[in-house]
Amino acid sequence: LWSLPVPWRWRAASVACLLPWAWPSRAAPAAGVAAVDVLAAGDGVAVVIRTQTHTVLYETGEVYGSAGRRAHTLLWPHLRAHGVSAIDLLVLGSAGVRNVAGVATLARLLPIEAIRAGGTWREPPPRVGACLGRERWEWDGVTFELQAASVQPAASCVLRIRARGAPALLLAE
C-alpha cells in the first residue's frame with residue numbers, strides 16, 4: 001500500500017493498523033476464567049494456564065537435545081508478552097534431563113514459586129515436590145487438581161482444570 005500511488009490518508013491508516021502489534025493486550029482473564037495457551041514446536045509442548053492473578057505452566061516444551069533453548073525462545077517471549085512476572089506452579093509430567101534444562105533456563109529468567117514433577121528425580125531441589133497424592137486448590141475461581149497418573153512410583157503428573165462455565169481440561173504427558 002505504501003508503494004502504490006494512493007492518497008497519504010491511506011498510508012496513515014495502514015500504520016494505524018499495525019499499532020495493536022506494537023502494544024499487545026496484557027489484560028488478565030476475568031475471575032473464574034482460565035486462559036489456556038498451548039505452545040507447540042515439533043515434539044515439545046508447553047501449556048500456559050493464566051487466571052486473574054496466577055500462572056501455571058505444564059511442561060517446558062523441551063525435547064531431547066534442546067538444552068533449554070525452547071524455554072528461552074518459545075516460552076519466555078510468550079510469558080513476557082502476556083505480562084507474566086512469575087510462575088506460581090510449574091508441573092513436569094515426568095522429570096528428565098530434557099525438562100531440567102528448561103526449568104533451569106526459566107528459573108534464570110523469572111521466579112518459579114513451586115514445582116511438581118512426576119517420575120523419579122534423584123535429589124531434587126527443595127522447591128520440587130513429587131506428584132504422590134491428590135492436591136486440589138482454587139485460584140481466582142478456577143479449580144486445579146494435581147495427581148499421579150497411577151500408583152507406580154515413577155508415574156507422571158496429571159493436571160485437571162475446571163473453570164466457570166467450561167468443561168474440565170485434563171493435561172497428561
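Results for (1) touching a strand residue (DSSP E or B) at 6+ places or on another chain (Cβ under 9 Å); (2) at negative phi, shown as yes or no for each residue.
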| position | (1), (2) |
| --- | --- |
| Val38 | yes, yes |
| Gly42 | no, no |
| Val48 | yes, yes |
| Gln52 | yes, yes |
| Leu57 | yes, yes |
| Gly61 | yes, no |
| Gly65 | no, no |
| Gly68 | no, no |
| Ala71 | yes, yes |
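Looking only at the stretch 134-168, residues that are more than 17 Å from Asp88 (Cβ to Cβ), hydrophobic (A, V, I, L, M, F, W, C) and at pLDDT below 85 come to 7 in all.
Summed over the stretch 87-108, residues that are open to solvent by 20 Å² or more (accessible area, probe 1.4 Å), of a type in the set (A, V, I, L, M, F, W, C) and either in contact with a Lys or Arg (Cβ under 9 Å, 6 or more places away or on another chain) or modelled with pLDDT under 85 (or both) total 5.
Of the residues making up the stretch 64-75, not a single one is among the hydroxyl-bearing types (Ser, Thr, Tyr), assigned to a loop (DSSP other than H, G, I, E, B), touching a Leu at 6+ places or on another chain (Cβ under 8 Å) and open to solvent by 30 Å² or more (accessible area, probe 1.4 Å).
Scanning the stretch 40-63 for residues that are modelled with pLDDT of 85 or more, touching a helix residue (DSSP H, G or I) at 6+ places or on another chain (Cβ under 8 Å) and not in a loop (DSSP other than H, G, I, E, B) turns up Ala46, Val48, Thr55, Leu57. Considering only residues in the stretch 130-173 that are touching a residue at least 24 places away in the same chain (Cβ under 8 Å) and among the charged types (D, E, K, R), the one that is most open to solvent (accessible area, probe 1.4 Å) turns out to be Arg164.
Looking across the stretch 1-13 at every residue that is among the small types (Gly, Ala, Ser) and modelled with pLDDT of 75 or more, the one that is surrounded by the most Cβ atoms within 10 Å (Cβ to Cβ) is identified as Ala13. Looking at the stretch 78-86, can you tell me whether even one residue there is closer than 29 Å to Ala155 by Cα and either of a type in the set (Lys, Arg) or surrounded by 16 or more Cβ atoms within 10 Å (Cβ to Cβ) (or both)? Scanning the stretch 78-86 turns up at least one residue that is closer than 29 Å to Ala155 by Cα and either of a type in the set (Lys, Arg) or surrounded by 16 or more Cβ atoms within 10 Å (Cβ to Cβ) (or both). Checked against the criterion of being within 13 Å of the chain's Cα centre (by Cα) and not hydrophobic (A, V, I, L, M, F, W, C), the candidates Arg127, Arg70 yield just one match: Arg70.
The values are calculated or read from the model by the stated rules, or taken from the named source; none is laboratory data. Given the structure is predicted, the values throughout are model-derived calculations rather than measurements. Reconstructed Cβ throughout: ideal geometry from the backbone, glycine too, with neighbour counts over all protein chains shown. When the accessible area is computed, the model is the full protein with side chains, heavy atoms only, and any ligands, DNA or RNA have been set aside. Shrake-Rupley method; radii C 1.70, N 1.55, O 1.52, S 1.80 Å.
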